[in-house]
Amino acid sequence: MPSSEATTYNPPLTLTPQDVTFSSTVQYGPCVSLSRPDIDSGSRSLQVLTPDRSCLTLLETAVSTFTITWNTGETSTISGSRTATVVGAALVVTITGNVTSGVFAGDSVIQTSIGPATDILACTLGLGTVDSVYSTVTLEITSL
């Protein structure tokens with residue numbers, strides 16, 4: 001099973017900005033690390049109330065900081081720039097940055113999430129809402 005991200009929005013996103021609780025759970029794995037062969041999976045979860053969110057704000061560039069907890073119990077905190085685009089019928093979210101603390105500190109990071117954009121496209125046209133997005137995730141951590 002590839003790495004994956006499940007994101008929900010409560011209430012569902014519409015064209016009208018509103019306060020929305022954003023919940024995200026990411027499962028990483030199987031992971032391969034030459035420098036840390038004991039690390040083979042990880043996870044992160046987040047729940048936050050975000051003001052003035054709409055389906056249009058999903059595509060905004062933003063700063064993203066998150067912490068991954070590895071199967072060893074150790075953590076990596078990652079900070080980077082988040083971009084989101086719709087390519088064909090797919091939502092592609094890319095986070096580019098660095099590991100700022102913990103395991104792999106100082107290494108560069110690229111995370112790409114790809115999920116269906118059907119609900120998002122309909123929402124931006126005023127034809128529906130977005131209550132969740134399920135994506136496959138690729139995480140690459142590279143020594144500088």
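The values are calculated or read from the model by the stated rules, or taken from the named source; none is laboratory data. Remember, predicted model here, so these are calculated numbers, not experimental data. Reconstructed Cβ throughout: ideal geometry from the backbone, glycine too, with neighbour counts over all protein chains shown. For the accessible areas, the whole protein counts, side chains as well, though only heavy atoms, and no ligand, DNA or RNA atoms are used. Shrake-Rupley method; radii C 1.70, N 1.55, O 1.52, S 1.80 Å.
Things to note:
- When Thr72, Thr94 are screened for being in contact (Cβ under 8 Å) with a residue 12 or more places away in the chain, among the polar types (S, T, N, Q), within 17 Å of Thr7 (Cβ to Cβ) and open to solvent by less than 60 Å² (accessible area, probe 1.4 Å), only Thr94 passes.
- Under the condition of being over 21 Å from Phe22 (Cβ atoms), in a strand (DSSP E or B) and of a type in the set (Val, Ile, Thr), the residues counted in the stretch 87-108 number 3.
- Matching residues in the stretch 6-61 - criterion: being hydrophobic (A, V, I, L, M, F, W, C) and closer than 18 Å to Thr77 by Cβ: Val26, Cys31, Ile39, Leu46, Val48
- Pairs meeting the criteria (first residue in the stretch 13-24 and within 7 Å of Ser54 (Cβ to Cβ), second residue assigned to a strand (DSSP E or B), beta carbons under 7 Å, at least 6 apart or on different chains) are Leu13/Val20; Leu13/Arg53; Leu13/Val130; Pro17/Asp52; Pro17/Arg53.
- Yes/no for Ser43 being farther than 18 Å from Glu5 by Cα and among the polar types (S, T, N, Q): no
- Within the stretch 22-42, tally of residues that are under 30 Å from Pro11 (Cβ atoms), among the polar types (S, T, N, Q) and either open to solvent by 40 Å² or more (accessible area, probe 1.4 Å) or over 15 Å from the mean Cα position of the chain (by Cα) (or both): 2
- The one condition from (1) modelled with pLDDT of 95 or more; (2) open to solvent by 40 Å² or more (accessible area, probe 1.4 Å) that Val63 does not meet is (1).
- All positions within the stretch 116-144 that are open to solvent by less than 80 Å² (accessible area, probe 1.4 Å), part of a helix (DSSP H, G or I) and more than 25 Å from Gly97 (Cβ to Cβ): Asp119, Leu121, Ala122, Cys123, Thr124
- Residue check, Leu46 touching a residue at least 40 places away in the same chain (Cβ under 8 Å) and open to solvent by less than 90 Å² (accessible area, probe 1.4 Å): no
- Yes/no for Thr57 being surrounded by fewer than 17 Cβ atoms within 10 Å (Cβ to Cβ), closer than 18 Å to Val137 by Cβ and either touching a residue at least 12 places away in the same chain (Cβ under 8 Å) or among the small types (Gly, Ala, Ser) (or both): no
- Of all residues making up the stretch 75-91, the number that are open to solvent by less than 20 Å² (accessible area, probe 1.4 Å) and of a type in the set (A, V, I, L, M, F, W, C): 3
- Checking each residue in the stretch 25-60 for being β-branched (Val, Ile, Thr) and within 15 Å of Ser113 (Cβ to Cβ) picks out Thr25, Val26.
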